[in-house]
Amino acid sequence: ISAGGGRLEGILGRPLGDLLGLRLAEVLVAADRPRFEGHCSGVGEGPVCGEYLIDRPDGSRLPCEVSAHVSQVDGRGPKIRAIFRDISGRIALQREVEASAQRAIRSDRLASIGQLAAGVAHEINNPLAFVRANVGALAEMLLELRNEVPAGSKRAIELLDELGQISIETTSGVDRI
């Protein structure tokens, strides 16, 4: 680094005096350095651009887009001009868009599950309504029949009472369903 301007100090988190003399790759996290140097080796063929993490002195890391191109060639070799752009806002926006998309997908899935549950409930409730109505009608008929059985037919009355109890329990079960 032989010169700097604009927002470079703010992006790199260092004063220009601390940056002069460093290799460009030295401001990046170690894992990004080989990829960056590979990109810069092709800069003579035209501009190159990539996304890298800046390793700042305060321990933070800042995602940047780095564009590099040869600005001039002199007796000491090519001079590379690099432009650093803070892309943390863009990345945050991309993450928010992705999170919103995931929320929308989950919401659609929940809506689908709700529709499925409503359909299943409808398919169960329709025949269940017939069962409940029929059990209610049987209970009424059993009561009428019990009232017509002579008092001396103890076994018939016991059977009709048991059937009446079964109809009450069946109605309770249908109601729970």
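The values are calculated or read from the model by the stated rules, or taken from the named source; none is laboratory data. A quick note: this is a predicted structure, and the numbers were derived from the prediction, not measured. Neighbour counts are summed over all protein chains in view; Cβ atoms, including those assigned to glycine, are modelled from backbone coordinates with ideal geometry. Surface areas here come from the heavy atoms of the whole protein model, side chains and all, with no ligands, DNA or RNA. Shrake-Rupley method; radii C 1.70, N 1.55, O 1.52, S 1.80 Å.
Being of a type in the set (Lys, Arg) and assigned to a helix (DSSP H, G or I), is that true of even one residue in the stretch 11-18?
No: zero hits.
Restricting attention to the stretch 50-101, and to residues there that are of a type in the set (A, V, I, L, M, F, W, C) and assigned to a helix (DSSP H, G or I), which single residue is most open to solvent (accessible area, probe 1.4 Å)?
Leu93
So, in the stretch 9-41, how many residues would count as being over 17 Å from Ser67 (Cα atoms) and buried (at least 16 other Cβ atoms within 10 Å of the Cβ)?
Counting residues in the stretch 9-41 that are over 17 Å from Ser67 (Cα atoms) and buried (at least 16 other Cβ atoms within 10 Å of the Cβ) gives 3.
Could you please tell me which pairs satisfy a Cβ distance under 8 Å, a separation of 6+ or placement on different chains, a first residue in the stretch 119-138 that is farther than 14 Å from Ser172 by Cβ, and a second residue that is in a helix (DSSP H, G or I)?
Final answer for the pair search is Leu138/Leu163; Leu138/Ser167.
Does the stretch 1-8 contain any residue that is modelled with pLDDT of 85 or more, surrounded by 14 or more Cβ atoms within 10 Å (Cβ to Cβ) and not basic (Lys, Arg)?
Scanning the stretch 1-8, I find no residue that is modelled with pLDDT of 85 or more, surrounded by 14 or more Cβ atoms within 10 Å (Cβ to Cβ) and not basic (Lys, Arg), so the answer is no.
For the stretch 19-49, how many residues are under 23 Å from Arg90 (Cβ atoms), in contact (Cβ under 8 Å) with a residue 24 or more places away in the chain and either among the small types (Gly, Ala, Ser) or part of a strand (DSSP E or B) (or both)?
Summing the residues that are under 23 Å from Arg90 (Cβ atoms), in contact (Cβ under 8 Å) with a residue 24 or more places away in the chain and either among the small types (Gly, Ala, Ser) or part of a strand (DSSP E or B) (or both) in the stretch 19-49 gives 1.
Test Ile168 against the stated conditions and say whether it is in contact with a strand residue (DSSP E or B) (Cβ under 9 Å, 6 or more places away or on another chain) and either assigned to a helix (DSSP H, G or I) or open to solvent by less than 50 Å² (accessible area, probe 1.4 Å) (or both).
No, not satisfied.
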